[in-house]
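Since the structure comes first, as structure tokens, the remarks are kept for the end.
The values are calculated or read from the model by the stated rules, or taken from the named source; none is laboratory data. These figures come from a predicted structure and were not determined experimentally. Here the Cβ is made from the backbone with ideal geometry for all residues, glycine too, and neighbour counts use every protein chain on show. These area figures cover heavy atoms from the full protein model, side chains too; ligands, DNA and RNA do not enter into them. Shrake-Rupley method; radii C 1.70, N 1.55, O 1.52, S 1.80 Å.
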Amino acid sequence: MGQITGGFVGSVGGVHLPPRPPVNARPVRLAPRPPWLAGRDHTLAEVHARLTASPEQPCLLAIHGLGGVGKTSLAVEYGHRYQHEYELVWQLPAEDSAVLSAALADLAAMLGMRQPGETADPVHQVHAVLAAHPGRWLLIFDNAPDADAARTFLPPAGNGHVLVTSRSANWPTRHGLELPVLDGDPAAAFLLERSGQDDTAAAAAVVTELGALPLALEQAGAYIAGTGTTLAGYLHLLRRQRTELLDQGHPWGYSERVASTWRLAFDHLDETTPQAIALLQLLACYAPEAIPYQLLLAPLDHSNPRNMLDGGDHGIAELLALPHGDLAINAAIEALRRYSLINRPSDGSVSVHRLVQAVTLDQLNPSQRAAWQHAATALLEAALPDTPEQPDTWPRFAQLLPHARTVLPLTSPILRTVAQYLGQSGDYRTATTLTREIHHALEASLGAEHPDTLVARDDLAIWTGEAGDAAAARDQLTTLLSINEHVLGAEHPQTLFHRDVLAYWTGEAGDAAAARDQLTTLLSINEHVLGAEHPDTLHVRQHQVYWANRASRGR
């Protein structure tokens, strides 16, 4: 293939033209080399190793992933970096079959297999040349819809390599390579280089906001370079006007921007698989990582969705639009994977890129968005256990914890249950942090003396003590006791519980005698209010004996 032998005979105005002489040529058609391709050296080496080590001829490798993750840039860089190993390198647009056929006709003509006006199948012509040629070649089929659409165009024989880029994740495992977003450090380094700035902290923050998606980073860098804004200024805009900003900037090497790159997929799913787009809208409401969709959707199979919602029917249409049952759920997941809008499912969980979540929700009006968030909250609350003290429920709490933090307001009583799980399972520091946030939110919304606020203050003192500061727990509870007695009454169950806890942390802070005396007083109150044989009274009596013994031993 080092020599292209045209040999076509034609005529102009009745004058016969002689055959063209053979031309030494090395057919190469590639998009311009990406000027920036940070953090992909390892992946490029993996692509090269998989193609060259495979015994299959030709060897096929499909690079698939989310739109904007840099699949085409990676394939183009591979073609440029390793073109010296091939006698032919040809990039073909594969999104539309008619356009792909025309591109193959161009290649057939370049290879001397096709005359002007010829009607032979260009796919077969190219396949024939590639099958017969002893030298190594590389074809890049860019942006193929899926494996089925590409199959008839792939060369069946020959000493060559075939790279396919595709958003579809439905490729055989041995032929597929899923391209992830960039790691944080290379992404920040790329953004600094692309923007020409040196604010590393702002660059890292922008990378986090954009989820290290290459298209979004290139678009941000182009916007910053084009407008003269700073990285810190871009970060400020991104947090305040994300939707509008993601439609700005002119990214090099991409035909679309973040705001539009997934729009076709959304529209197609909405028309063909509405349950899939409904599922995506639900997933967009949760934390981006490890969303246990099977666990969250399970209540729909045995509960009336209307009974899962508090405050009317807001969200009922959204719950009813979701897939119900294993087959429907699996079909929706497969449809989302077709466009790499979610990652590969694992143990009933998936992850969704944070920008896919953002763009999904940004397409909804405020009422629709609120309805989906209401539905997401209802499903989460239905999936959460109500027994945080039982160890067998802790794995489920752990699965749902990041999503509870995302969708539940701090004033939600369900979130207090989550904080109880953290403390009961031994994560006292996180329980303290979350309970402090809950207390501040309740105090701001309900007031300092509301019963729910007082319960949160009790919880905060308990987890503060469990986290290792017994004296602080004692002091907090001492201050709170008079408030409890004033608001709830001296004989209210919460006040009695509070006295018991205060005595415990008084003793743990080093004053066993004071703990004994406090429990002696509480025992008298309990016997009067509850009776001598009530379980709570017996419980207090046990505590009183314990601290009395500690005090007598001087401990």
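Name the single residue, out of those in region 378-430 being among the polar types (S, T, N, Q) and assigned to a helix (DSSP H, G or I), that is nearest to Leu446 (Cα to Cα). I'd like the intermediate steps shown before the answer.
Kept after step one, since they are among the polar types (S, T, N, Q), are these residues of region 378-430: 387, 390, 393, 399, 406, 411-412, 417, 420, 424-425, 430.
Now drop any that are not assigned to a helix (DSSP H, G or I), which leaves 393, 399, 406, 417, 420, 424, 430.
Numbers: Thr393: 31, Gln399: 30, Thr406: 22, Thr417: 19, Gln420: 21, Gln424: 26, Thr430: 24 Å.
Out of the qualifying residues, it is Thr417.
Return yes when Tyr421 is out of contact with any His (no Cβ under 9 Å at 6 or more places or on another chain), crowded, with 16+ Cβ neighbours inside 10 Å and within 21 Å of Thr478 (Cβ to Cβ) and no when it is not. Walk me through it before giving the result.
On the way: out of contact with any His (no Cβ under 9 Å at 6 or more places or on another chain): yes; crowded, with 16+ Cβ neighbours inside 10 Å: yes; within 21 Å of Thr478 (Cβ to Cβ): no.
In short, no.
Identify, please: which residue in region 458-479 is free of Cβ contacts under 8 Å to residues at least 24 places away in the same chain and among the charged types (D, E, K, R) and is, among those, farthest from Glu508 (Cα to Cα)?
Initial filter on region 458-479 (free of Cβ contacts under 8 Å to residues at least 24 places away in the same chain): 469, 472, 475-476, 479.
With the extra rule that they be among the charged types (D, E, K, R), the set shrinks to 469, 475.
Values: Asp469: 9, Asp475: 12 Å.
The extreme case among them is Asp475.
List pairs: first in region 266-293 and assigned to a strand (DSSP E or B), second small (Gly, Ala, Ser), Cβ under 8 Å, 6+ apart or cross-chain?
Ile291/Ser349; Ile291/Ser351
In this structure, is Asp198 more than 22 Å from Gln91 (Cβ to Cβ), surrounded by fewer than 17 Cβ atoms within 10 Å (Cβ to Cβ), of a type in the set (Asp, Glu) and free of Cβ contacts under 8 Å to residues at least 12 places away in the same chain? Steps first, please.
Details: more than 22 Å from Gln91 (Cβ to Cβ): yes; surrounded by fewer than 17 Cβ atoms within 10 Å (Cβ to Cβ): yes; of a type in the set (Asp, Glu): yes; free of Cβ contacts under 8 Å to residues at least 12 places away in the same chain: yes.
Yes, satisfied.
Might you check whether a residue that is in a helix (DSSP H, G or I), within 25 Å of Pro34 (Cα to Cα), of a type in the set (D, E, K, R) and open to solvent by less than 20 Å² (accessible area, probe 1.4 Å) occurs anywhere in region 208-220? Before the answer, list the steps.
Step one: of region 208-220, the residues in a helix (DSSP H, G or I) are 208-210, 214-220.
Next cut, within 25 Å of Pro34 (Cα to Cα) only: 208-210, 214-220.
Still in the list and also of a type in the set (D, E, K, R): 209, 218.
Right, trim to open to solvent by less than 20 Å² (accessible area, probe 1.4 Å) and you get 218.
Looking for residues that are in a helix (DSSP H, G or I), within 25 Å of Pro34 (Cα to Cα), of a type in the set (D, E, K, R) and open to solvent by less than 20 Å² (accessible area, probe 1.4 Å), one finds at least one in region 208-220, hence yes.
Are any of the residues in region 431-452 part of a loop (DSSP other than H, G, I, E, B), without any contact (Cβ under 8 Å) to a residue 24 or more places away in the chain and closer than 21 Å to Leu384 by Cβ?
Within region 431-452, not a single residue is part of a loop (DSSP other than H, G, I, E, B), without any contact (Cβ under 8 Å) to a residue 24 or more places away in the chain and closer than 21 Å to Leu384 by Cβ.
Could you tell me whether region 478-488 includes any residue that is assigned to a loop (DSSP other than H, G, I, E, B), within 30 Å of Gly531 (Cα to Cα) and open to solvent by less than 70 Å² (accessible area, probe 1.4 Å)? So that I can check it myself, show each step before the final result.
So in region 478-488, the residues assigned to a loop (DSSP other than H, G, I, E, B) come out as 488.
With within 30 Å of Gly531 (Cα to Cα) added as a condition, the list becomes 488.
The next check asks that each one be open to solvent by less than 70 Å² (accessible area, probe 1.4 Å); those that pass are 488.
Looking through region 478-488, at least one residue is assigned to a loop (DSSP other than H, G, I, E, B), within 30 Å of Gly531 (Cα to Cα) and open to solvent by less than 70 Å² (accessible area, probe 1.4 Å).
Could you tell me whether any residue of region 257-278 is at pLDDT 90 or above, more than 17 Å from the chain's Cα centre (by Cα), more than 30 Å from Pro292 (Cα to Cα) and not aromatic (Phe, Trp, Tyr)?
no
For the subset of region 323-347 comprising residues that are in contact with a helix residue (DSSP H, G or I) (Cβ under 7 Å, 6 or more places away or on another chain) and closer than 21 Å to Leu264 by Cα, which member is modelled with the lowest pLDDT? Let's see the steps before the verdict.
From region 323-347, those in contact with a helix residue (DSSP H, G or I) (Cβ under 7 Å, 6 or more places away or on another chain) are 323-325, 328-329, 332, 335-336, 339, 341-342, 345; that's our starting set.
From what's left, closer than 21 Å to Leu264 by Cα: 332, 335-336, 339, 341-342.
On the way: Ala332: 95, Ala335: 92, Leu336: 92, Tyr339: 87, Leu341: 90, Ile342: 90.
Out of the qualifying residues, it is Tyr339.
Any idea which residue in region 443-459 is farthest from the chain's Cα centre (by Cα), counting only those that are open to solvent by less than 20 Å² (accessible area, probe 1.4 Å) and among the hydrophobic types (A, V, I, L, M, F, W, C)?
That would be Leu454.
Go through the residues of region 112-125 one by one and say whether even a single one is aliphatic (A, V, I, L, M) and under 18 Å from Gly79 (Cα atoms). Show your work before the answer.
Keep residues of region 112-125 that are aliphatic (A, V, I, L, M), which gives 113, 120, 123.
Pick out the ones that are also under 18 Å from Gly79 (Cα atoms) and you get none.
So far as region 112-125 goes, no, none of its residues is aliphatic (A, V, I, L, M) and under 18 Å from Gly79 (Cα atoms).
What's the total number of residues in region 378-411 that are farther than 22 Å from Ser349 by Cβ and surrounded by 17 or more Cβ atoms within 10 Å (Cβ to Cβ)?
The number of residues fulfilling the criteria is 1.
So for region 488-503 (the condition being more than 23 Å from His539 (Cα to Cα), β-branched (Val, Ile, Thr) and out of contact with any Pro (no Cβ under 8 Å at 6 or more places or on another chain)), does at least one residue qualify?
Filtering region 488-503 down to residues more than 23 Å from His539 (Cα to Cα) leaves none.
No - not one qualifying residue is present in region 488-503.
Starting from region 87-105, take each residue that is over 15 Å from His161 (Cβ atoms) and list its partners that are among the charged types (D, E, K, R) and open to solvent by 10 Å² or more (accessible area, probe 1.4 Å), counting only C-beta distances under 8 angstrom and pairs at least six apart or across chains.
Every condition considered, the pairs that remain are Pro93/Asp142; Ala94/Asp142; Glu95/Asp142; Ala105/Arg114.
Gly211: on the phi > 0 side of the Ramachandran plot and of a type outside the set (D, E, K, R), yes or no?
Here the answer is yes, as Gly211 does meet what is asked.
So which residues in region 143-172 are in contact with a strand residue (DSSP E or B) (Cβ under 8 Å, 6 or more places away or on another chain) and open to solvent by 30 Å² or more (accessible area, probe 1.4 Å), if there are any at all? Don't jump to the end; show me each part of the working.
Just the residues of region 143-172 that are in contact with a strand residue (DSSP E or B) (Cβ under 8 Å, 6 or more places away or on another chain), to begin with: 143-147, 150, 153-155, 158-169, 171.
Those that are in contact with a strand residue (DSSP E or B) (Cβ under 8 Å, 6 or more places away or on another chain) and open to solvent by 30 Å² or more (accessible area, probe 1.4 Å): Asn143, Pro145, Asp146, Leu154, Asn159, Arg167.
Could you list all residues from region 453-475 that are small (Gly, Ala, Ser) and not in a loop (DSSP other than H, G, I, E, B)? Give the steps one after another, and end with the answer.
First, pick out the residues of region 453-475 that are small (Gly, Ala, Ser): 456, 461, 465, 467-468, 470-473.
Within region 453-475, Ala456, Ala461, Gly465, Ala470, Ala471, Ala472, Ala473 meet the criteria.
Residues of region 515-553 being more than 15 Å from Phe497 (Cα to Cα) and among the hydrophobic types (A, V, I, L, M, F, W, C), which ones?
Ala532, Val545, Trp547, Ala548, Ala551
Pro58 fails exactly one of the following numbered conditions: (1) within 19 Å of Leu177 (Cα to Cα); (2) modelled with pLDDT of 90 or more; (3) out of contact with any Pro (no Cβ under 9 Å at 6 or more places or on another chain). What is the number of that condition?
Unmet condition: (3).
Among the residues of region 334-377, which ones are in a loop (DSSP other than H, G, I, E, B) and either of a type in the set (D, E, K, R) or surrounded by fewer than 21 Cβ atoms within 10 Å (Cβ to Cβ) (or both)?
As a first pass, look at region 334-377 and keep what is in a loop (DSSP other than H, G, I, E, B): 339-345, 347-348, 351-353, 363-365.
The answer is Arg344, Pro345, Asp347, Gly348, Ser351, Gln363, Leu364, Asn365.
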